[in-house]
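Q: Mind looking over this structure? Questions follow.
The values are calculated or read from the model by the stated rules, or taken from the named source; none is laboratory data. These numbers were taken from a predicted model, which means no experiment stands behind them. Heads up, the Cβs are rebuilt from the backbone with ideal geometry, glycines too, and the neighbour counts pull from every protein chain shown. Only protein heavy atoms, including side chains, enter the accessible area calculation; ligands, DNA and RNA are left aside. Shrake-Rupley method; radii C 1.70, N 1.55, O 1.52, S 1.80 Å.
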Amino acid sequence: MAAAETLKNTVEQFSTASNQAFKDGVEKSLAALAEANTHSKKNLEAVVASVTAATKGAEALGAQTFAYSKKAVEDQVAAAKSLAGAKSVQEAVELQTAWAKSALEAYIAQVSKASEIVSASIKDSVKPLNERVTATVEKLQAAR
């Protein structure tokens, strides 16, 4: 009977240990899955923030370009009217030169503004993604 009792205790201990190991494994797997889910959610939020920033930048660039184009057309019409009213070739050349100079200055200013908008948009778009990459690298280094 003692051998049967010992066998029974051994089987119970083995069964208890197996059940506990299985339970621990499931809990660790669920914790890892929850962590991966949280990580994926943060990654998705970063992508959404990045796309939102890029969209705002594109909208700002579009609005700026539209405003510039409208002003440029208005300036060209005004210049054409001025040229039509010129009383001499000398006056027409002076008017044309003045318009060309102002048009070039306006174009250079527009390119500068557009460059600033694009630069800021890229910076704002990349920031959330860089933060996620940094968080992932730190997590991987901590796991070592």
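Q: Mind giving me the nanometre distance, one decimal, between the label points for PHE22 and THR52, set 7 Å out from Cα along Cα→Cβ?
A: Taking the simple label geometry, PHE22 and THR52 are separated by 4.6 nm.
Q: Next up: Run the reach check for LYS42 against aspartates and glutamates, Cα to Cα strictly under 18 Å, same-chain hits fewer than 8 apart removed. What comes back?
A: Partners found: ASP124, GLU131, GLU138.
Q: Okay, moving on. At 1.4 Å probe size, with every protein chain present, just tell me what the per residue accessible area of the chain comes to in Å².
A: So the chain comes to 77 Å² accessible per residue, rounded to a whole number.
Q: With all protein chains present, how much of the accessible area of the chain (probe radius 1.4 Å) comes from carbon and sulfur, to the nearest whole percent?
A: Carbon and sulfur together cover 65 percent of it.
Q: Taking θ = phi - 60°, what integer Hz values does the Karplus form 6.51 cos²θ - 1.76 cosθ + 1.60 yield along the range 18-23, in sequence order, with x for Gly and Pro?
A: Going residue by residue, I get 5, 4, 5, 5, 5, 4 Hz, with x marking Gly and Pro.
Q: Which one of ALA21, ALA79, ALA54 has the biggest mean-square fluctuation once the chain is modelled by GNM with Cα springs under 10 Å?
A: Maximum fluctuation in the GNM of the chain, among the listed residues, is at ALA21.
Q: Okay, moving on. Calculate the FRET efficiency for PHE66 and VAL133 from the Cβ-Cβ distance with a Förster distance of 35 Å, rounded to the nearest 0.05.
A: In this case the efficiency is close to 0.50.
Q: Separate question: Using the Karplus equation 6.51 cos²θ - 1.76 cosθ + 1.60 (θ = phi - 60°), what ³J(HN,Hα) coupling, rounded to whole Hz, does each residue of the range 61-73 give in order, writing x for Gly and Pro?
A: My calculation for the range 61-73 gives 5, x, 5, 5, 5, 5, 4, 5, 4, 4, 5, 4, 5 Hz in order.
Q: What is the magnitude of the charge dipole of the chain about its Cα centre, with +1 placed on the Cβ of each Lys and Arg, -1 on the Cβ of each Asp and Glu, and no other charges, expressed in debye to the nearest 20? Kindly include the intermediate steps, with their values, before the conclusion.
A: Working: 17 positive and 16 negative charges, 33 e Å.
Taking the Cα centre of the chain as origin, the dipole is about 160 debye.
Q: Moving on to the next point. Starting at the first residue of the range 120-133, write each ³J(HN,Hα) from the Karplus equation 6.51 cos²θ - 1.76 cosθ + 1.60 with θ = phi - 60°, in whole Hz, x for Gly and Pro.
A: 5, 5, 5, 4, 5, 6, 7, 3, x, 5, 4, 4, 5, 5
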